[in-house]
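Since the structure comes first, as structure tokens, the remarks are kept for the end.
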Amino acid sequence: MGRTEGPPGKLALPIISEARITRAMRPLTDEWWRIPVAPRGSTLLGVSFRPLQAGALGLDARTTLDALLAYPFQLIRLGAYWNRIEPELGMFSPDALDWQIDAAERAGKQIILNVGAVKTFGYPEYFAPAHHQQRPLREGALVTPAAHRSLLDAATAFVARIVERYRDRRAIVAWQVEHEAVDPLGMEHSWRLSAAFVQEEVAAVRAADPTRPVMLNGFLPTSSLVRLQQWWRTRDQGDSLAVAQRLAEIVGVDYYPRHALLRVGAHTIYLAGSVRRQRRWARLLAWAGARGRRVMISEGQAEPWETVTTPPSPHGQEMYSCPPEQVIANYNDCVGWAGPGASGLYAYLFWGAEYWVRRDRDGDASYLQAFARVLEEA
């Protein structure tokens, strides 16, 4: 796991076949209504909730969460954002997380809680408070226990405190540690957490609560170019999926088959892949089945991934990277297919629920309706 499949010299043809040059915006259709829905079997369905993304979309976080919790899914992922909970040294202000957990419990949902600490899901993904950093994390370097002991000590203290606060909540079924734990932070930063750093955080979580499983997640490249880039940037210790297999009871896979690379005038260059063509995906499922481990889709793309941070919501139009029908198609690809000897998925979490609510407020309910179709027909 974590190696490129085949030498770089043979990647030119796959890269060309995976590239798309097209207009980003196109008229809305009702294709989402006609696409079949694969049966989920025992797979739990749910969403992740990003209060910061709700705010970026001009939504009220509480109202947005309440609207989403009204849907009959089983599982929700929430995040403990370190610099929000500890805005100053010595402060501990978990009120925002308290009400999210309270709301999810009232709605009868199971919860995976991302305890952080350094990285948590949702832009900008990096939430370590400035007062715990003696110096900026050096680009291109591994963040190791030896070089960043004070940061690690603060991080393990934080994750332990979060677990201790919420471990009596029966709705919480797993703790997530970090987010894409040892991968570079997108294209904005090239520093990476070392596997040893993450291992100490995992140990702190298990010491605070030995009764629940730990989930670690990682990005699954679906195109040759991204696969090569990820291998090159993580080749010294493996990527987050490889580390998750070593350290976690639940391996979470982040699945984004279509994403924009570059906008050129009225057109955008995209990479478009599929889980069905990924040997690593089949091997991961087979590995989990053979060892009694669980695999889940921690992020299944269900909102556009364009060249801007906040996905566009043009009136009467959809974005090529994820129109409403792709919400269902991406789910079908992951839940409806497995290789020989593979185990089923523990859960599938749709990524982009706040965007659906924004679209609905703008008069387009198709994303929410596509999600509702999956819940009703799967």
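The values are calculated or read from the model by the stated rules, or taken from the named source; none is laboratory data. Treat the numbers as computed from the prediction; the structure is a model and nothing was measured. All Cβ positions, even for glycine, are placed from backbone atoms using ideal geometry, and neighbour counts span all protein chains on display.
What to note about this one:
- Considering only residues in segment 68-83 that are under 26 Å from P129 (Cβ atoms) and buried (at least 18 other Cβ atoms within 10 Å of the Cβ), the one that is farthest from the chain's Cα centre (by Cα) turns out to be W82.
- Of all residues in segment 25-55 being among the hydrophobic types (A, V, I, L, M, F, W, C) and crowded, with 21+ Cβ neighbours inside 10 Å, the one that is farthest from V374 (Cα to Cα): A54
- For the residues L345, L285, L271, L349, the requirement of being within 25 Å of A244 (Cβ to Cβ) and in a loop (DSSP other than H, G, I, E, B) singles out L345.
- Whichever residue in segment 352-375 is in contact with a Pro (Cβ under 7 Å, 6 or more places away or on another chain) and of a type outside the set (A, V, I, L, M, F, W, C) and, among such residues, is farthest from E31 (Cα to Cα): Y355
- For segment 84-110, the set of residues classified as of a type in the set (G, A, S) and either over 25 Å from D360 (Cα atoms) or crowded, with 18+ Cβ neighbours inside 10 Å (or both) consists of G90, S93, A103, A104, listed by residue number.
- Evaluated against (1) more than 20 Å from the chain's Cα centre (by Cα); (2) in a helix (DSSP H, G or I); (3) among the charged types (D, E, K, R), R263 falls short on exactly one condition, (2).
- Any pair with Cβ under 6 angstrom, 6 or more apart, that starts in segment 286-299 at a residue that is acidic (D, E) and modelled with pLDDT of 95 or more and ends at one that is buried (at least 19 other Cβ atoms within 10 Å of the Cβ) and assigned to a strand (DSSP E or B): E299/D254; E299/W351
- E188 meets all of the listed conditions (1) over 19 Å from the mean Cα position of the chain (by Cα); (2) surrounded by fewer than 18 Cβ atoms within 10 Å (Cβ to Cβ) but one, namely (1).
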